[in-house]
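Derivation of every value follows stated rules applied to the coordinates shown; laboratory data play no part. Keep in mind that what you see is a predicted model, and the values were worked out from it rather than measured. Every residue, glycine as well, gets a Cβ built from its backbone with ideal geometry; the counts of neighbours run over all protein chains shown.
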Amino acid sequence: MNDLLRQLADEIEDYSENIASIKPVPQVSLEEIKSYLNKNYSFETPINLRELSGDVIRVMRNWSLHAGHPNYFGLFVPGTKTASVIADALVALYNPQLGTWSHSPVSTEIERHTLRFLLEKFGYDPNSSCGSFTTGGTEANLSAVLTALTDKFPEYCDGGVRALLRPPLIYVSEEAHHSFIKIGQVTGLGHTAVRNVPADDNFRLDMTELRKMVESDIRDGFEPFMVVGTAGTTSAGVIDPLIDIAEFCRERNFWFHCDAAWGGAAVMSPQLAGALKGIEQSDSITCDAHKWFSVSMSAGMFFCRHPQAVSKTFQASAAYMPASQTGKVDSFRNTLQCSRRFIGLKLFMTLAELGEKGYATMIEKQAELGEFLRLELIEKGFEILNQTPLPVVCFTHPALAESGLSTAEVLRELYSKREFWISDTKLKNKIPALRACISSFRTDENTVRELVRTLQLIVSKKAAVSRI
């Protein structure tokens, strides 16, 4: 056991301290991985655990895309703080079952303590609101839709969509997260119940278009009940007009949900929190700790200012489950899950280690690097396509259009060097863009400069070749 623990501790320390020396982009084929697993892991012969651990460490190092690397500028998959790694190990060891308070008293209260802190940060009253940890943003968004349906249509709980007189509708920006399409199907509303509102020129939900769509849908016999505002869209990192959405929902008695899966962490920063103004007026919020809070996957959160609606939505009883006790929260009565991992410990421990100011400093540094990246790109002739205080930069280069180069060709060349990873996207589903996000707390200005230099060389080279 000592040897195994030393092996694990050495890997955690070495990986954390020397990740920059590893190639962030793997060089491996599907066939190579499948062949290796078939050859070495038939499960017919037991393998010594130390040998097994060493092999898993080796393949994870060599055949993974290292999202915690300072040269990773991709999706919202940050490097993880050591406190969250230790927390996950402790959770695996003690394996508390957070379905009921009686099975996990201290674990439940650690989560409630952490959630109350964040409820206050989001501008909710922690004494009259509620929160829960989820598997991720999709479950949190699903929880919001289910709670809104229960609140707006009391007959939905027992009768489902068949009991509703008119088809309910949800409105999201065309830049919103794709989870709402899945949610439309899972809830029985269907894909067409999720209305995609056009985005404006800044890729934010267009309020004029929203009003038009709602009026038209009501005339056609539908029942609008929910509007989703995104605080940090996946493609462009923009923040929808939250104040305007809140006012519109109050006028119509709609449920206002804010999907702040990534951008929600900005509430930790005195410099950035103002960008989320209006979120405190929402009925519910999604926020993922495994994004900008830099803890390990998975750790989503669902916040709601209507605890009675939440309880009604998820209330369940069974003869084999303990009876509820005053003041003691049984998670299975207030969330979609029954058996549940102790998700909140990693955020609790990381918050405790860094402190509120430490988190603010980390987040603000990344936002500043996002602005530095914009300036570096502009200086090298690139064009910035989005505007946001959050560190997501969408950009292109005149040479791409002039030479007919696609963003995919640029990425193939970049990945072949194995030094950097960025992504591409299509804004408003039609405008091609390269996309770089500051997602690692290990990234610095030198890393940003080198990324821009590399991209400039690739674009210049590709454009020159295409002109020949």
For the pair ARG166/ARG211, report the inter-label distance in nm, with labels modelled 7 Å from Cα in the Cβ direction. 2.0
HN-Hα J couplings of the range 217-229 from phi, Karplus 6.51/-1.76/1.60, θ = phi - 60°, integer Hz, Gly and Pro as x? 5, 5, 4, 8, x, 8, 10, x, 9, 8, 10, 10, x
Anisotropy class of the range 110-245 from Cα gyration tensor, a/c 1.5 cut: oblate
Within the range 384-468, which GluC sites (Glu not before Pro) sit in a loop by DSSP and count at most 16 neighbouring Cβ atoms inside 10 Å? GLU419
Pairwise label distance in nanometres, HIS191 with GLU364, each label 7 Å out on the Cα-Cβ vector: 4.6
Going 7 Å from the Cα of LEU90 toward and past its Cβ, which residues in the range 330-360 have a backbone nitrogen under 16 Å from where you end up? 342-355
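Dividing the Cα convex hull volume of the chain by residue count, how many Å³ per residue is that?
In the chain, the Cα hull volume divided by residue count equals 176 Å³.
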Straight-line reach only, C-alpha to C-alpha below 23 angstrom: list the lysines that LYS328 could link to, leaving out same-chain residues fewer than 8 apart. LYS312, LYS346
Sorted on mean Cβ neighbours within 10 Å (highest first), peptides 252-260, 104-112 come out as 252-260, 104-112
Rg in Å to one decimal, and Dmax rounded to a whole Å, for the range 1-107 via C-alpha atoms: 17.1, 48
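Are there GluC sites (Glu not before Pro) in the range 30-108 that DSSP marks as loop and that have at most 16 other Cβ atoms within 10 Å, and which are they? Display every interim value, and only then the final one.
Values: sites: GLU31, GLU32, GLU44, GLU51; in loops: GLU44.
For GluC sites (Glu not before Pro) across the range 30-108 that sit outside H, G, I, E and B with at most 16 neighbouring Cβ atoms in 10 Å, the list reads GLU44.
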For the pairs LYS291/LYS365; LYS34/LYS291; LYS380/LYS461; LYS291/LYS428, note any where the Cα-Cα span goes beyond 21 Å. LYS34/LYS291; LYS291/LYS428
Add +1 for every Lys or Arg and -1 for every Asp or Glu among the other residues with Cβ under 11 Å from the Cβ of THR234, and state the total. 0
Can you compute the helix-only [θ] at 222 nm over the chain? Use -39500 (n - 2.57) per DSSP H run of at least 4 residues, normalise by all residues, nearest 500 deg cm²/dmol. -14000 deg cm²/dmol
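Only sites in a loop by DSSP and with at most 11 other Cβ atoms within 10 Å count here; which chymotrypsin sites (Phe, Trp or Tyr not before Pro) in the range 274-343 make the cut?
Within the range 274-343, the qualifying chymotrypsin sites (Phe, Trp or Tyr not before Pro) (loop, at most 11 other Cβ atoms within 10 Å) are TYR320.
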Note: probe point = Cα of ILE57 + 7 Å toward Cβ; backbone nitrogen < 17 Å; residues of the range 89-103 passing the test are 89
Where labels lie 7 Å past Cα in the beta-carbon direction, separation of SER339 and MET1 in nm: 2.4
Dividing the Cα convex hull volume of the range 48-135 by residue count, how many Å³ per residue is that? 156
Residue span ASP244 to LYS182: 0.36 nm per residue of separation minus Cα-Cα distance leaves a gain in nm of 19.7 nm
To the nearest 0.05, what FRET efficiency results for SER324 and LYS461 with a Förster distance of 51 Å applied to their C-beta separation? 0.20
Full-extension gain between GLU44 and LEU65, please, as 0.36 nm times their residue separation minus the C-alpha to C-alpha distance. 4.6 nm
Dipole of the chain (Lys/Arg Cβ +1, Asp/Glu Cβ -1, origin at the Cα centre): which of TRP292, ALA67, TRP255 lies farthest to the positive side? ALA67
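Between Rg and the Kirkwood Rh of the range 89-349, both from Cα atoms, what is the Rg to Rh ratio?
Details: Rg = 18.1 Å, Rh = 18.7 Å.
Ratio value, two decimals: 0.97.
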